[in-house]
Number of protein chains: 2
Amino acid sequence: MTQPDTAPNEPPKPKRLSSEARRQDFINQAIEFFAEEGFESSTRGLAKKLGVTQPLLYRYFPSKSDLISEVYDAVYVKRWQPEWEPLLRDRSRPLADRLNTFYNVYTNAIFNREWMRIFLFSGLKGVDINRRYMQLVRQRILEPILIEARVEFGLPDIPPKDCEVEFVWVMHGGIFYYGVRDLIYESAISTDKERVIADAITAFMAGLEIKLNRPYQT
Amino acid sequence: MTQPDTAPNEPPKPKRLSSEARRQDFINQAIEFFAEEGFESSTRGLAKKLGVTQPLLYRYFPSKSDLISEVYDAVYVKRWQPEWEPLLRDRSRPLADRLNTFYNVYTNAIFNREWMRIFLFSGLKGVDINRRYMQLVRQRILEPILIEARVEFGLPDIPPKDCEVEFVWVMHGGIFYYGVRDLIYESAISTDKERVIADAITAFMAGLEIKLNRPYQT
DNA sequence: AATTTAATTTGTCATTCGATAAATAAGCAA
DNA sequence: TTGCTTATTTATCGAATGACAAATTAAATT
């Protein structure tokens, strides 16, 4: 159980975390705290959760809103995986397969209580990073899906129409809202996430084929 | 422009609203206020919007949380229309038609900034009325849709399976999330609500037919 | 061990919060 | 008008809030 504090001739293990590591620890716990209590909750409540006094927070963050910005950054930016887009664009596999894989890994990243609640809280606050996230989803996920679909259906490679993007959004939103029901409202019925995703994609692909093959509609 | 205050031999028009009418006016403005600012916002801010002083609120409502309960009631309960369910069950029309009509009138009722924001705020607070609303949607909308679908597809009339309800939830949630994007995130692309709904229902019906005709899957 | 540096706490501030009591103003009935 | 009732404001309480300065403790360095 016990480990030597340090090997011979090595620098002694610091008893404290580095300033940066401690800061990160504060941010991680702040994610949990604000996700549960909302961003209006007090810095004293957070300090209590951290086991420190409230003024200490101001040693690590200039203000409450700076701390909140770091929380946003840790949740929105750092949990986004760049490999998601190439996964969707891998034409060696049928699009339905790619969609199933993608939505399983994507929801593995975002279907947790902290992420979901922070997303909803920040959306209600109307913060800019929320808007940027929605644009990221559109550009890196939804529009690539439409481009891949046109290729798979043998249709000409023209840019997606707005109402087509909207159609992908509805599928995406349906899956997303399943996560909201599961993790926020705790009212999901089936917890078989893979099955829910597979069914949503089946309907989406069927609907998309109908939709894309009606060129006379705007 | 000017009107006589009262006709002869009629009781004089009261210069003040009745106590109950004033109370209702306060509730209606409180809906706007809390929808925009969140339930954590101060009673002083609300009083300012009402053009009265803050202690006056305590003449009409015993406490802030009582006022909030009245807001919930006005939004969740009083805006629910009982005729929605019979509309879905009207077998003289094809189910896809009924779904289109229903989702157009349903979204007319709930796709407004106040309703949406109050729903999201209360969901994050985990209040009981939110849970009850989700059950209402399931029992009065989603399960009836599944029953009607089985009839239309000529399938035996057995109770809906959980994963089937989940499938309807995903369609419902996709449409709902379109409203969230439009009214909360203000990131909706197309504002042609009817079209978005029609496309969602096309995909849903196609997917549902596939799903219900695979009896060997649980 | 002595000294320096960084981490943390104590104490406190001005402001804002929900709520109450008492004073005032406005409408109504006689 | 006069008196009564209700509506509204003024003044205030205690608690909680974000933030700051100074004092204290603990670790690291010499």
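The values are calculated or read from the model by the stated rules, or taken from the named source; none is laboratory data. Predicted, not measured: the structure shown is a model, and the values here were computed from it. Here the Cβ positions follow ideal geometry from the backbone for every residue, glycine too, while neighbour counts run over all protein chains shown.
Kindly establish whether B:D128 is exposed (fewer than 13 other Cβ atoms within 10 Å of the Cβ), assigned by TED's automatic domain parsing to the domain that holds B:D199 and away from DNA strand D (no atom under 16 Å from the Cβ). Full working, then the answer.
Details: exposed (fewer than 13 other Cβ atoms within 10 Å of the Cβ): yes; assigned by TED's automatic domain parsing to the domain that holds B:D199: yes; away from DNA strand D (no atom under 16 Å from the Cβ): yes.
Here the answer is yes, as B:D128 does meet what is asked.
Of everything in the range B:43-53 that is in contact (Cβ under 8 Å) with a residue 12 or more places away in the chain and over 24 Å from the mean Cα position of the chain (by Cα), the residue that is farthest from DNA strand D (Cβ to nearest atom) is B:G45. Do we have any residue at all in the range A:55-69 that's under 30 Å from B:S122 (Cβ atoms), within 16 Å of DNA strand D (Cβ to nearest atom) and touching a Lys or Arg at 6+ places or on another chain (Cβ under 7 Å)? No, there is no match, as no residue in the range A:55-69 is under 30 Å from B:S122 (Cβ atoms), within 16 Å of DNA strand D (Cβ to nearest atom) and touching a Lys or Arg at 6+ places or on another chain (Cβ under 7 Å).
All conditions in (1) of a type outside the set (F, W, Y); (2) part of a helix (DSSP H, G or I); (3) surrounded by 14 or more Cβ atoms within 10 Å (Cβ to Cβ) hold for B:P160, with the sole exception of (2).
So for the range B:44-62 (the condition being closer than 27 Å to B:V180 by Cα, more than 14 Å from chain A (Cβ to nearest Cβ), in a helix (DSSP H, G or I) and within 10 Å of DNA strand C (Cβ to nearest atom)), does at least one residue qualify? Checking the range B:44-62: at least one residue is closer than 27 Å to B:V180 by Cα, more than 14 Å from chain A (Cβ to nearest Cβ), in a helix (DSSP H, G or I) and within 10 Å of DNA strand C (Cβ to nearest atom). When we screen A:V127, A:V137, A:V196 for residues that are of a type outside the set (K, R), out of contact with any Leu (no Cβ under 8 Å at 6 or more places or on another chain) and farther than 30 Å from B:R138 by Cα, the only hit is A:V127.
Residues in the range A:63-93 that are part of a loop (DSSP other than H, G, I, E, B), more than 20 Å from A:T107 (Cα to Cα) and away from DNA strand C (no atom under 16 Å from the Cβ): A:R91, A:S92, A:R93. Only one of the listed residues (B:D90, B:D97) is exposed (fewer than 13 other Cβ atoms within 10 Å of the Cβ), farther than 22 Å from A:K125 by Cα, outside the structural domain of B:L50 (by TED's automatic domain parsing) and of a type outside the set (S, T, N, Q). That residue is B:D97. Exactly one residue out of B:G154, B:G173 is small (G, A, S), modelled with pLDDT of 95 or more and under 20 Å from the mean Cα position of the chain (by Cα), and it is B:G173. Which number in (1) in contact with a Lys or Arg (Cβ under 9 Å, 6 or more places away or on another chain); (2) more than 10 Å from every other protein chain (Cβ to nearest Cβ); (3) touching a residue at least 40 places away in the same chain (Cβ under 8 Å) marks the one condition that B:I158 misses? The one condition B:I158 does not meet is (3). Residues in the range A:26-42 that are within 13 Å of DNA strand C (Cβ to nearest atom) and in contact (Cβ under 8 Å) with a residue 24 or more places away in the chain: 1 in all. Looking only at the range A:108-130, residues that are more than 10 Å from chain B (Cβ to nearest Cβ), of a type in the set (A, V, I, L, M, F, W, C) and within 14 Å of B:S187 (Cα to Cα) come to 2 in all. Could you check, for the range A:141-153, whether at least one of its residues is more than 11 Å from every other protein chain (Cβ to nearest Cβ), among the small types (G, A, S) and within 26 Å of B:A198 (Cβ to Cβ)? Taking every residue of the range A:141-153 in turn, at least one turns out to be more than 11 Å from every other protein chain (Cβ to nearest Cβ), among the small types (G, A, S) and within 26 Å of B:A198 (Cβ to Cβ). For the range B:29-48, the set of residues classified as within 22 Å of A:E37 (Cα to Cα) and small (G, A, S) consists of B:A35, B:G38, B:S41, B:S42, B:G45, listed by residue number. Within the range A:178-196, the residues that satisfy the criterion of being surrounded by fewer than 22 Cβ atoms within 10 Å (Cβ to Cβ), part of a helix (DSSP H, G or I) and within 9 Å of another protein chain (Cβ to nearest Cβ) are A:R181, A:R195.
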